[in-house]
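Remarks on the structure that follows.
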Amino acid sequence: MSAANSAHSVVVPSLSSKRIAGTIVVIYALITLIPLVWIFLTSIKSPPDSISYPPKIVFTPSLEGYCNLFTTRTRQTPDYIASLPAPVGTCDEVTRKRNMVIAGPSNFLPRFLNSLVIAFGSTFLAVFLGTLAAYGFSRFKVPLADDLLFFILSTRMMPPIAVAIPIYLMYRELGLSDTALGMILLYTAVNVSLAVWLLKGFIDEIPREYEEAAMIDGYTRLQAFRKVVLPQATTGIAATAIFCLIFAWNEYAFAALLTSGEAQTAPPFIPTIIGEGGQDWPAVAAGTTIFLIPILVFTILLRKQLLRGITFGAVRK
């Protein structure tokens, strides 16, 4: 009896081990936050302060980086600037201090909107198709299921550069180059394999008896899937959506190769922000800071589902 009790006993971490683990987690979190904090601080520096050596920790904050990010500017003579009416807004005032005037809006906002449309559109399609495929593999006897699942996963094993040229040639022939539809379809094709594998594990953990009971009560297979399986797979769907969105949001190689104008996303656009005399680092940092916000907000909104989804299988078992 004592042996049986000891085999089923639960090891409770000591207070000291909890403190050590907590300290390690806090230190790791602080280290990972350093680049993000540095990017934000660079975004509120002036161009001279952003490239000063040694780097300035104490400086006068400036919105010049954000103004340069959203506007295009032209240099003018002091006499011309003096003849202009009073500046309208902070950006106009900051620009005139550099003997420049605002010529119009920049291309950052359209590129940012392209990222939103392409990333969220491809994420929706990948999760939608992945959920249906995962349910089919989980609930039905699919011939060569293991081989098909491995083939689906193998599409994630190839580096993007290995298929970049064939995809470029194919897109050029189909007229999908530099289109939002082409990028959505491409990111969906890449993400659907991840979605299938993640969601199949979640759906496998949902007892079949729930669906069988629903169908005995008169539900069709589709109604049982929609009203029984989907509500219980919400945590897995949320976790999968976050991972798919992170890939589509940050993807650079295909975006740089297949887009250049109308459908260009923010990742290949931000590094091309050039100021007078070279790279406009405050504007680059400002664009990066704004670019982080949607993915951060999306993750925070789904954080509870993400945590439950990650531990779903372990808890159920």
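The values are calculated or read from the model by the stated rules, or taken from the named source; none is laboratory data. Since the structure is predicted, the reported quantities are computational estimates derived from the model, not experimental observations. Just so you know, the surface numbers come from the protein's heavy atoms only, side chains and all, with ligands and any DNA or RNA stripped out. Shrake-Rupley method; radii C 1.70, N 1.55, O 1.52, S 1.80 Å.
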Measure of exposure for Tyr28: accessible area at 1.4 Å probe, Å² rounded to 10, is 150 Å²
Relative to the chain, whose Cα atoms define the longest principal axis, helix 234-250 and its Cα axis are tilted in degrees, nearest 10, by 30 degrees
Expressed as a percent, the portion of alpha-carbon pairs in region 1-139 spaced more than 24 Å apart is 66 percent
Any lysines whose Cα falls less than 24 Å from that of Lys56, other than same-chain ones fewer than 8 residues away, would be Lys45, Lys97
Given pairs Lys227/Lys304; Lys18/Lys227; Lys200/Lys304 and cut-off 32 Å on Cα-Cα distance, the over-length ones are Lys18/Lys227
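Remind me, relative contact order of region 1-155 in percent, using alpha carbon pairs under 8 angstrom and six or more residues apart?
That works out to 15 percent.
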Taking the alpha-carbon centre of each part, the distance from region 223-246 to region 16-58 in Å is 35 Å
Here the Cα Rg-to-2.2 N^0.38 Å ratio for region 167-209 is 1.75
With Cα coordinates, the longest principal axis of the chain makes an angle with the long axis of helix 145-154, in degrees rounded to 10, of 20 degrees
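Counting only protein heavy atoms and using a 1.4 Å probe, what share of the accessible area of region 55-178 belongs to carbon plus sulfur, as a whole percent?
Solvent-exposed carbon and sulfur of region 55-178 make up 69 percent of the total.
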Judged on accessible area alone, 1.4 Å probe, highest first, Glu173, Glu251, Glu212 line up as Glu173, Glu212, Glu251
accessible surface per residue for the chain, probe 1.4 Å, DNA/RNA/ligands not counted, whole Å² -> 59 Å²
